[in-house]
Amino acid sequence: MTHQVYAFEPPERFVAGTVGPPGERIFYLQARGGGRLVSVALEKVQVALLAEKLDELLGEAHRRFGVTLPEADVDTPDNEPLESPVDEEFRVGTLGLAFDVDTTTVVIEAIAAGENDEEEEVEVDEEAADLDRLRVRLTPAATRSFIERARRVVAAGRPPCPLCGQPLDPKGHLCPRHNGYRR
């Protein structure tokens, strides 16, 4: 079986975004470049973790290699929706991150979920070589923009219940702190 590598080095645009109403949102990473548009589905927690780990990676690159950390571009943030059509190429199982010192770029790999994907982190081994993947190479500035947008996208879901912290549903919420009574 041949696997597909969707490489954007660099993409014209690389964002995290969602489709659907809060509570039923499907999260995507979407890359555009060279006349191609690739969307891969992933979990909300993966988007949040990706933003967090990218932030740590930039900090590490700054400490170890003296890479200048860009400020977040607050003047012109990319709040545009995902581009249509949002056709899911695959569902992400593993995310890989690296910093390329030679080119001062961040490399992100989103690797498709395998048939027997467990929840634990797997080393990229022979099995992973057979899986589809999306690879993007970003400048530190583009990485910072991605992090900021990813955090906004994750935070834009349903507001948390002030008592239990679980997401509030527009139709009401069975809060464990109220012994099952609706608020």
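For GLN166, the residues 5 or more places off, or on other chains, whose built amide H falls under 5 Å of its own are CYS161. Which of the following values of Kirkwood radius over Cα pairs in Å was calculated from the structure shown: (i) 16.5; (ii) 19.0; (iii) 17.9? Correct label, based on the coordinates given: (iii).
Under 17 Å from a label point 7 Å along Cα→Cβ of THR139: give me every residue in the range 69-107 with its amide N that close. Under 17 Å, as judged by backbone N against the label point of THR139, lie 69-78, 100-107 of the range 69-107.
Using the Cβ of TYR6 as centre and a radius below 9 Å, the other residues enclosed give a net charge of +1, where K and R count +1 and D and E count -1. Compute the angle between helix 140-155 and the longest alpha-carbon principal axis of the chain, please, reported from 0 to 90 degrees and rounded to the nearest 10. In the chain, helix 140-155 runs at an angle near 20 degrees to the longest axis. Averaging sequence separations of C-alpha pairs under 8 Å and six or more residues apart, then dividing by the length of the chain, give the relative contact order as a whole percent. Contact order relative to length: 27 percent.
The gain in end-to-end length when the LYS44 to GLN166 segment is fully stretched comes to 42.5 nm, 0.36 nm per residue minus the alpha carbon separation. Per-residue ellipticity at 222 nm, computed for the chain from helices alone with -39500 (n - 2.57) per DSSP H run of at least four residues, works out to -7500 deg cm²/dmol. Taking a Cβ cut-off of under 15 Å around ARG32, the surrounding Lys, Arg, Asp and Glu residues balance to a net charge of -2, with basic ones at +1 and acidic ones at -1. With angles folded into 0 to 90 degrees, how steeply does helix 44-65 sit against the dominant principal axis of the chain? Use alpha carbons for both and round to 10. With both axes taken from Cα atoms, the answer is about 40 degrees.
Each reported figure results from applying straightforward, stated rules to the coordinates on display, with no laboratory input. Since this is a predicted model, take the numbers as computed values, not measurements. Cβ: placed from backbone, ideal geometry, glycine included. Neighbour counts: every protein chain shown.
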